[in-house]
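Only the coordinates and a few stated rules stand behind these numbers; no lab work does. Values in this document were obtained by computation on a predicted structure and should not be read as measured data. We place every Cβ from the backbone using ideal geometry, glycine too, and count neighbours over all the protein chains shown.
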Amino acid sequence: MKLSDLYGKEVFTDTGKFLGTVHEIIIDMEKGVVSRLLMDDLPTSAEKAKQVINEKSIKFENVKSIADVVVVTPSKSSSSP
């Protein structure tokens, strides 16, 4: 799967709760892996970007499946919008 295929996909918890739509993807360049999926655009302000990452993103390690939608198991460090 191409990373570009993730953009616009709806994100649901494994219990069926809608979290949002993938707007941005954060890549850990040192490790060469996807780190987080953001359900909002990433602002240019560092303070606002930190808020979006904390409140409107999910760790990629919590992704359970990707098909027509993205299914995740949310953790305490991941928030929904």
Would you point out which residue out of Leu37, Leu6 is surrounded by 17 or more Cβ atoms within 10 Å (Cβ to Cβ) and touching a His at 6+ places or on another chain (Cβ under 9 Å)?
Leu37
Val71: part of a strand (DSSP E or B), surrounded by 15 or more Cβ atoms within 10 Å (Cβ to Cβ), touching a Ser or Thr at 6+ places or on another chain (Cβ under 7 Å) and on the phi < 0 side of the Ramachandran plot, yes or no?
yes
